[in-house]
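The values are calculated or read from the model by the stated rules, or taken from the named source; none is laboratory data. All of these numbers come straight from a predicted model, not from anything done at the bench. Here the Cβ positions follow ideal geometry from the backbone for every residue, glycine too, while neighbour counts run over all protein chains shown.
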Amino acid sequence: MARTATLGRSIALFRVFLSEQTDPDLFYGALAEDSVAQLSEHVPLAGTTVLDVGGGPGYFAEEFRRAGARYVGLEPDAGEMVARGAPEPGTLRGSGEALPVRTAAVDVCYSSNVLEHVGRPWVMAEEMVRVTRPGGTVYLSYTPWWSPHGGHETGPWHYLGGRYARRRYRRRTGHEPKNKFGESLFAVSVGAGLRWARRCPDVDVVATYPRYHPWWARWVIAVPLLRELVSWNVVLVLRRRGAAAPSTPVAHPHG
């Protein structure tokens, strides 16, 4: 990895994270720019087809297109698709656990901060591998449950249990959190992701690291308990095994 993941970059990202709830355009715009730059360290994006699983209203679309990629978003929630107005052109609606996309149809399958919101996270991960062509790249990042942001807006009370944190939030605010533990927020660990990736017969593991850390702090991913507490967000970069295949239409006929 290039040493572009500096401490200054980590501090800048943390500052914009504070605005996630109040100014999502600022937050997701900064995250999109950083994410595309990070992904570009693993794979040249110019001329590729990128599927963004859980892309919401298309916050990342502009940055991927600026990098020369053909962007295809996928979002299961109709409300999220129109959160910024009209849906992003070409966005598919469907579940991450059953992607309405042909096998081996995309060059890059990307997902940012979605896996912890899926009831069967490793089914979604396997689907991402399925739709990626041989030789293509899967980029999967998610928030570990035991990290400081694991409970999202209910944190840090998630350390006392997800259901307790949800009840406490409801009691204090009078309404449910956006991320409801047991419904739209689940406990996913770093260790589980690493084990799945290493056991998946269809991929080679290219890299694993804490997404927002400076390059010199990436060693924490190798320490079992520490990584759960301090990773904040973990990245799995995978290469689909097999010989490269010609591109095919993205949409599945039944999608």
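In the range 226-255, of all residues being in contact with a Gly (Cβ under 9 Å, 6 or more places away or on another chain), surrounded by fewer than 16 Cβ atoms within 10 Å (Cβ to Cβ) and over 16 Å from VAL108 (Cβ atoms), the one that is modelled with the lowest pLDDT corresponds to GLY255. Scanning the range 93-151 for residues that are surrounded by fewer than 22 Cβ atoms within 10 Å (Cβ to Cβ), touching a Lys or Arg at 6+ places or on another chain (Cβ under 7 Å) and of a type in the set (D, E, K, R) yields a total of 1.
Taking the range 146-176 only, how many residues are in contact with a His (Cβ under 7 Å, 6 or more places away or on another chain) and in contact (Cβ under 8 Å) with a residue 12 or more places away in the chain?
Pass one, the range 146-176, residues in contact with a His (Cβ under 7 Å, 6 or more places away or on another chain): 150-151, 155, 165.
Right, trim to in contact (Cβ under 8 Å) with a residue 12 or more places away in the chain and you get 150-151, 165.
Matching residues across the range 146-176 total 3.
Being surrounded by 16 or more Cβ atoms within 10 Å (Cβ to Cβ) and either polar (S, T, N, Q) or under 15 Å from GLY56 (Cβ atoms) (or both) is the requirement here; does THR154 meet it? Criteria met by THR154. Look at VAL53 and say whether it is in contact (Cβ under 8 Å) with a residue 24 or more places away in the chain and either under 22 Å from PHE181 (Cα atoms) or in contact with a Phe, Trp or Tyr (Cβ under 6 Å, 6 or more places away or on another chain) (or both). So VAL53 fits the description; yes.
Please go through the range 42-62 and give me each residue that is in a loop (DSSP other than H, G, I, E, B) and modelled with pLDDT under 95, ordered by number.
Those that are in a loop (DSSP other than H, G, I, E, B) and modelled with pLDDT under 95: GLY54, GLY55, GLY56, PRO57, GLY58, TYR59, PHE60.
Among the residues of the range 183-212, which ones are basic (Lys, Arg) and in contact (Cβ under 8 Å) with a residue 40 or more places away in the chain? Full working, then the answer.
First, the residues of the range 183-212 that are basic (Lys, Arg): 195, 198-199, 211.
Of everything in the range 183-212, just one residue is basic (Lys, Arg) and in contact (Cβ under 8 Å) with a residue 40 or more places away in the chain, namely ARG211.
For the range 30-57, taking the residues that are of a type outside the set (A, V, I, L, M, F, W, C) and farther than 17 Å from SER141 by Cα, the one that is surrounded by the fewest Cβ atoms within 10 Å (Cβ to Cβ) is identified as GLY47. If I filter the range 105-120 for residues that are assigned to a loop (DSSP other than H, G, I, E, B), among the small types (Gly, Ala, Ser) and more than 23 Å from ARG211 (Cα to Cα), do I get at least one hit? Checking the range 105-120: at least one residue is assigned to a loop (DSSP other than H, G, I, E, B), among the small types (Gly, Ala, Ser) and more than 23 Å from ARG211 (Cα to Cα).
What residue, among those in the range 63-102 that are acidic (Asp, Glu), modelled with pLDDT under 90 and outside any loop (DSSP other than H, G, I, E, B), is nearest to PRO134 (Cα to Cα)? Checking each candidate, the answer is GLU75.
Sort out which residues of the range 184-242 are part of a helix (DSSP H, G or I) and acidic (Asp, Glu), and write them in order of number. Hit for the range 184-242 is GLU228, nothing else.
Test of understanding: among PRO144, PRO134, PRO156, which residue is of a type outside the set (Phe, Trp, Tyr) and out of contact with any strand residue (DSSP E or B) (no Cβ under 8 Å at 6 or more places or on another chain)?
Working: PRO144 fails: out of contact with any strand residue (DSSP E or B) (no Cβ under 8 Å at 6 or more places or on another chain); PRO134 fails: out of contact with any strand residue (DSSP E or B) (no Cβ under 8 Å at 6 or more places or on another chain).
Only one candidate passes the filter, namely PRO156.
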